[in-house]
Amino acid sequence: MLDTPGFTPITPAADITADRHGSRAKCLQRLIRMDLPVPQTVAIPFQTVRTIAGGDMPDLGHLIGLFEGEPLLLSVRSSSQTGDWGGPGAVLNIGMNDHAHAWLSNTLGDAVADKLYLRFIRSFAIEVMRLDEEPFDDAPTPAAARQVFEDEMDAPFPQRIEAQLAEVLQNMSRAWDGTSARLLRQAKGAPADAGLGLVVQRMAQGMGPGQSGAGVVQFVDPATGDPQITGRYMGQAMGRDALRTPEKALYLTRDARGASLEDMLPDVYAELREVGTRCRRRLREEMQVEFTIDQGRLAILDAVRCPRDARASVAIAAALARDGVIPRTEALLRVAPETLSRLLHRQIDPNARATVLGRGIAASPGAAAGKLVFDSASAQASLSRDEPCILVRRETTPDDVRGMHAADGVLTERGGTTSHAAVIARGLGLPCVTGAMGLTVDEKKRRITLVNGTALHEGDEITIDGSSGEVLAGRVATTEPTLDGAFGDLMRWSDDVRDIGVRANADTVADATLSRTFGVDGIGLCRTEHMFFDSGRLTVMREMIFAETPQDRAAALDRLLPMQREDFTELFRLMSGLPVCIRLLDPPLHEFLPSQIEGVRALAEALDRPLSEVKARIESMQEYNPMLGMRGVRLGIAVPEIYEMQARAIFEATVAAMAEGVDVRPEIMIPLVTARREVELVKRRIDGIAGAVRAETGTEFTYRLGVMVETPRAALRAEEIAETSDFLSFGTNDLTQMTYGLSRDDAGRFMSAYVNEGVYPEDPFGTLDVDGVGELLLLGAARGRKAQPGITLALCGEHGGSPESIAFCRLAGFTYVSCSPFRVPVAKLAAAQATL
Ligand code: PEP
Ligand code: MG
């Protein structure tokens with residue numbers, strides 16, 4: 001026996017804390033302080049529950065002595081530190097025995113007494129003593145159920161309330177220590193030593209003469225967060241019966257659906273509404289309230305934070321702040337940044353049934369359903385027929401970008417979070433699953449083979465969920481994205497508090513327009529190669545690549561110049577007043593060349609050259625390690641005309657936009673730098689072009705020239721590189737690839753094994769590796785600042801949209817992060833949270 005009883009009656013003055021008794025106990029105390037009709041309740045703290053789990057039962061006579069009334073029936077509910085961590089289910093009507101049964105038969109009638117006793121014997125047997133459910137199905141009366149219990153247990157059914165309670169408390173305290181319960185709550189962020197409290201409450205019966213029943217009410221719509229009384233009520237019921245069998249329950253509010261609690265018991269209904277209003281103000285939250293009506297009298301048994309969808313969680317937080325119930329800063333902290341990402345995309349309807357065909361990497365969020373297509377031409381044909389389609393490839397190349405524009409979703413067998421398909425899809429806001437290893441894609445035969453050997457063919461329908469990485473059979477119902485006033489409020493309030501900038505990785509008019517809608521601080525990365533994927537331009541690009549003489553190359557570049565100029569002018573117009581950071585061409589040139597024979601044939605035709613010659617040229621350009629080959633600034637040094645054309649296009653666009661009154665803030669960024677001399681060479685040429693454009697147009701303009709830190713050497717040599725740079729922007733996609741020596745396009749193949757085995761805590765292409773890559777960022781930042789204390793520091797890899805990386809960059813004193821347009825809202829909220 002324990003010396004101290006360890007039971008605290010919950011009264012307004014009692015010393016109850018969520019840290020010692022759990023959030024349910026604390027919430028019940030708040031309800032009691034509000035003078036709500038809460039039945040007598042006693043809290044059992046974590047410490048006592050731990051002792052009980054260890055086999056030491058405190059004096060339950062003391063606990064029972066705290067309650068009044070006859071016959072005494074009790075409920076026990078779990079009370080963990082935060083409601084989200086779960087806990088064992090409630091046990092009701094402890095104390096039901098022959099004596100209580102006789103007493104209830106006299107007062108409430110035999111039917112009610114039988115029902116309560118039968119339910120208790122069943123739940124005690126099945127949930128507490130863990131007996132099989134089946135034998136009880138044939139026991140329709142308390143006597144029969146008792147017999148089954150006694151046969152199974154080979155012992156009498158316990159009649160003393162202490163004995164019943166002891167079993168319940170022991171069972172619940174041990175359930176909390178079970179492996180699956182522990183893993184589940186740890187996945188939700190609970191510490192290893194998280195405690196469980198229990199609350200023991202006198203039952204307020206919802207069964208008996210007159211108006212008696214039980215229900216659950218909430219005061220907002222769980223899907224939208226709009227004020228609306230929803231819930232269910234059931235006569236002659238208890239606990240959550242009304243939710244378990246909603247088809248038998250009444251609605252609460254009067255409407256066209258027929259009888260309601262409002263009609264039946266208008267006074268109680270009005271009282272419930274009042275409870276809702278007062279809970280919202282005092283508990284500063286939208287609550288779901290469990291109540292009973294005992295012969296016309298309302299009792300409030302419990303209240304929990306109202307469950308809610310993504311949209312509702314944003315709407316509720318914003319409405320509480322707008323109504324002055326919580327400060328705006330708290331509203332910002334209450335919404336998980338990822339929630340916003342769900343608002344921006346279609347989602348799988350949570351009520352839909354779906355068969356999972358396979359799983360890959362959740363590369364770009366949102367759900368999409370459509371017919372399978374295996375190449376860009378088929379995707380475009382689907383689009384022209386207005387038929388949704390999912391483009392399936394082993395992996396994507398620039399050739400597939402047209403198809404991605406036309407498709408509703410993308411699925412690849414290979415790749416990871418920063419592979420070509422993933423990056424482009426995120427930019428387009430297109431759902432994408434990459435690295436779906438269990439699926440074998442045969443592009444030629446136009447089919448996917450599943451692990452079990454079944455095949456899906458072109459035209460078959462599938463659904464992909466880019467938020468979970470699941471590939472689902474058939475057309476699964478989805479819900480539409482919704483951006484309402486609450487979303488806008490949250491964005492504005494984030495802007496008011498955050499002290500780190502958020503720019504967008506944007507290369508098209510659509511990207512730039514969308515990011516401006518989200519209130520972005522500028523463009524942090526315009527990947528100019530994306531501007532050449534348009535089919536008309538791809539041909540000119542290929543002509544430039546195939547040029548044999550400087551004259552031919554110059555002629556092709558002359559045709560590309562006005563196209564690029566127009567691209568940049570448009571971006572400058574859209575981003576007037578904000579910086580636009582344009583990256584000079586980065587990928588290896590052969591990425592612009594066709595990989596399939598049909599494409600090579602078309603190219604030979606367009607160039608008017610023999611097929612064999614074109615094939616040979618393409619082959620000669622292949623590299624063993626293209627990501628470490630002729631790309632980035634190496635291209636700028638080996639074929640300087642390309643960067644010169646791009647710089648000229650940027651400056652001419654600057655002059656043209658300025659002439660229209662646009663406030664232009666151009667920035668130019670050099671990719672894949674490894675040495676100071678690379679920057680010097682490129683800078684000299686670009687400065688030269690700027691001088692020439694100034695002279696030709698008679699217009700003065702300024703620009704900033706910076707370096708992408710994407711190689712470990714650039715981070716190590718940041719001091720000397722910073723001397724000639726206005727800014728350093730860390731490209732953490734390549735920097736992660738090169739720091740780990742891990743191909744961003746192939747890592748998807750073994751990443752899940754690596755994460756499962758605990759080699760890496762997470763996929764470093766998805767979550768910034770703070771220990772390794774992060775150290776290079778800090779070191780590069782410190783060395784860059786040594787040369788130029790005020791140098792602008794930024795991060796523009798895919799990590800720029802992840803809350804942990806944003807917090808890291810902020811602590812490291814970075815000026816901004818840049819991420820794909822659809823991540824901008826997430827990043828802004830995460831930036832605000834990091835600041836608060
Ligand atoms: C990077 O490497 O982090 C980056 C932003 O460039 P890209 O993804 O285009 O290689
Ligand atoms: Mg890069």
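Around residue 75, under 15 Å between beta carbons, what's the net of Lys plus Arg minus Asp minus Glu among the other residues?
-1
Of 526, 279, how do they rank once you tally other Cβ atoms within 10 Å and put the fewest first?
Values: 526 27, 279 24.
Ordered by Cβ neighbours within 10 Å, fewest first: 279, 526.
For residue 188, give me every one of the aspartates and glutamates with a C-alpha distance below 12 angstrom, ignoring sequence neighbours fewer than eight places off in its own chain.
Qualifying aspartates and glutamates at Cα under 12 Å: 84.
Using a ≥ b ≥ c from the Cα gyration tensor of the stretch 346-479 (square roots of the eigenvalues), is it rounded, prolate or oblate, where a/c under 1.5 gives rounded and otherwise the larger of a/b and b/c decides, a/b for prolate?
Details: a/c = 1.16, a/b = 1.10, b/c = 1.05.
It is rounded, given that a/c, with a ≥ b ≥ c, falls under 1.5.
Considering only 166, 181, 153, whose Cα is most displaced toward the positive end of the charge dipole of the stretch 144-187, charges sitting on Cβ of Lys, Arg (+1) and Asp, Glu (-1)?
Result: 181.
Using label points projected 7 Å from each Cα along Cα→Cβ, tell me how many nm separate residue 68 and residue 457, to one decimal.
It is 7.9 nm.
Based solely on its DSSP helices, what 222 nm [θ] is calculated for the chain when runs of n ≥ 4 H residues each add -39,500 (n - 2.57) and the sum is averaged over all residues, nearest 500 deg cm²/dmol?
Numbers: 35 runs with 366 residues, N = 836.
It comes out at -13000 deg cm²/dmol, rounded to the nearest 500.
Assigning unit charges at the beta carbon (Lys, Arg +1; Asp, Glu -1) and nothing else, what dipole magnitude in debye, to the nearest 20, does the stretch 684-736 show about its Cα centre? Don't jump to the answer; show the numbers that get you there.
Details: 6 positive and 9 negative charges, 21 e Å.
About 100 debye.
Would you work out which of 230, 217, 201 lies farthest towards the positive end of the dipole of the stretch 197-284, given +1 charges on the beta-carbon of Lys and Arg and -1 on that of Asp and Glu, about the Cα centre?
Checking the options against the dipole of the stretch 197-284, the answer is 201.
Quick check: net charge around residue 479, other residues with Cβ under 13 Å of its Cβ, Lys/Arg +1 and Asp/Glu -1?
Numbers: positive: 311, 342, 346; negative: 309, 349, 465, 480.
Residues close to residue 479 contribute a combined charge of -1.
Would you mind pulling out the separation of the Cα centroids of the stretch 651-688 and the stretch 109-184, in Å?
Here the two parts' Cα centres lie 76 Å apart.
Please work out how much length the chain gains when fully extended from residue 695 to residue 187, using 0.36 nm per residue of separation minus the C-alpha to C-alpha distance, in nm with one decimal.
Numbers: separation 508, 0.36 × 508 = 182.88 nm, distance 6.27 nm.
Extra length from residue 695 to residue 187 when fully extended: 176.6 nm.
Counting other beta carbons within 10 Å of each Cβ, put 595, 820, 260, 802 in order, fewest first. Intermediate results must be reported in sequence, preceding the final value.
Values: 595 13, 820 26, 260 18, 802 22.
With the sparsest Cβ surroundings first, the list reads 595, 260, 802, 820.
Could you state the number of Å between the C-alpha centres of the stretch 464-519 and the stretch 535-614?
31
Could you give the angle, 0 to 90 degrees to the nearest 10, between helix 597-607's Cα long axis and the longest principal axis of the Cα atoms of the chain?
On a 0 to 90 degree scale, this one is about 40.
Enumerate the lysines that residue 371 could reach by cross-link, defined here as Cα to Cα under 29 Å, with residues fewer than 8 away along the same chain left out.
Cα-Cα hits under 29 Å: 444, 445.
Quick one: if you stick a label point 7 Å off each Cα along the C-beta vector at residue 132 and residue 264, how many nm between them?
Distance between label points: 3.8 nm.
From the backbone phi of the stretch 478-484, what are the Karplus-calculated ³J(HN,Hα) couplings (6.51 cos²θ - 1.76 cosθ + 1.60, θ = phi - 60°) in whole Hz, Gly and Pro given as x?
Couplings: 10, 10, 7, x, 9, 10, 10 Hz.
Please arrange 757, 247, 804 by how many other C-beta atoms lie within 10 Å of their C-beta, fewest to most.
Details: 757 9, 247 5, 804 15.
Least to most surrounded, the residues fall as 247, 757, 804.
Which cross-chain or sequence-distant (5 or more) residues have an amide H under 5 Å from the amide H of residue 502, H modelled 1.01 Å from N in plane?
521, 817
Using only the alpha carbons of the chain, what is the convex hull's orientation-averaged projected area in square nanometres?
Working: hull surface 165.3 nm².
Its average projected convex-hull area is 41.3 nm².
Under the definition of Cα pairs under 8 Å and six or more residues apart, what whole-number percent is the relative contact order of the stretch 346-479? List each step's numbers first, then the result.
Numbers: 381 pairs, mean separation 48.9, N = 134.
It comes to 36 percent, rounded to a whole number.
Taking the Cα centre of the chain as origin and charging only Cβ (+1 Lys, Arg; -1 Asp, Glu), how large is the dipole, in debye to the nearest 20?
1280
Which ³J(HN,Hα) values in Hz, rounded to whole numbers, follow from the phi angles of the stretch 49-60 under the Karplus curve 6.51 cos²θ - 1.76 cosθ + 1.60, where θ = phi - 60° and Gly and Pro get x?
5, 4, 5, 5, 4, x, x, 9, 8, x, 6, 6
Sum up the charges of everything whose Cβ sits under 13 Å from the Cβ of residue 254, counting Lys and Arg as +1 and Asp and Glu as -1, but leave residue 254 out.
Details: positive: 257, 273; negative: 255, 262, 263.
After counting each charged neighbour, the total is -1.
Tell me the relative contact order for the chain as a rounded percent, counting alpha carbon contacts under 8 Å between residues six or more apart.
Reported relative contact order: 9 percent.
Extending each Cα 7 Å along its Cβ direction at residue 333 and residue 381, get the distance between those two points in nm, one decimal.
About 5.8 nm, to one decimal.
Suppose a student asked you for the relative contact order of the stretch 213-308, using Cα pairs under 8 Å spaced at least 6 residues apart; what percent would you report?
Working: 189 pairs, mean separation 26.8, N = 96.
28 percent.
With both partners inside the chain, how many of the DSSP beta bridges are antiparallel, as a percent to the nearest 5? Display every interim value, and only then the final one.
Values: 62 of 100 bridges.
Among the beta bridges of the chain, antiparallel pairing accounts for roughly 60 percent.
What is the Cα centroid distance between the stretch 246-293 and the stretch 769-825, reported in whole angstrom?
So the two Cα centres are separated by 50 Å.
So how do 664-672, 180-188 stack up, highest first, on mean other-Cβ count within 10 Å?
Working: 664-672: 24.3, 180-188: 13.0.
In decreasing order of mean packing, 664-672, 180-188 become 664-672, 180-188.
When a/c is below 1.5 the answer is rounded, else prolate if a/b is larger than b/c, else oblate, so apply that to the stretch 289-425 with a ≥ b ≥ c taken from the square roots of the Cα gyration tensor eigenvalues.
Numbers: a/c = 3.22, a/b = 2.29, b/c = 1.41.
Prolate, since a/c reaches 1.5 and a/b exceeds b/c.
Classify the stretch 213-308 as rounded, prolate or oblate, taking a ≥ b ≥ c as the square roots of the eigenvalues of its Cα gyration tensor: rounded when a/c is under 1.5, otherwise prolate if a/b is larger than b/c and oblate if not.
Here the stretch 213-308 falls in the rounded category.
Of the listed peptides 147-160, 646-659, 227-240, what is their order by residue-averaged count of other C-beta atoms within 10 Å, with the highest listed first? Spell out each step's value before the answer.
On the way: 147-160: 14.0, 646-659: 22.6, 227-240: 20.0.
Result, highest mean Cβ count within 10 Å first: 646-659, 227-240, 147-160.
Just name one of 31, 731, 124: the one whose Cα is farthest towards the positive end of the charge dipole of the chain (beta-carbon charges, Lys/Arg +1, Asp/Glu -1).
The residue sitting farthest along the positive end of the dipole is 731.
Using a Förster distance of 35 Å, how high is the FRET efficiency between residue 558 and residue 658, based on the Cβ-Cβ distance and rounded to 0.05?
Values: r = 23 Å, r/R0 = 0.67.
The pair residue 558/residue 658 has a calculated efficiency of 0.90.
Each reported figure results from applying straightforward, stated rules to the coordinates on display, with no laboratory input. It should be emphasised that the depicted structure is a prediction, and the values quoted were computed from it without experimental measurement. Counting neighbours? That spans all protein chains shown, and the Cβs are built from the backbone with ideal geometry, glycine included.
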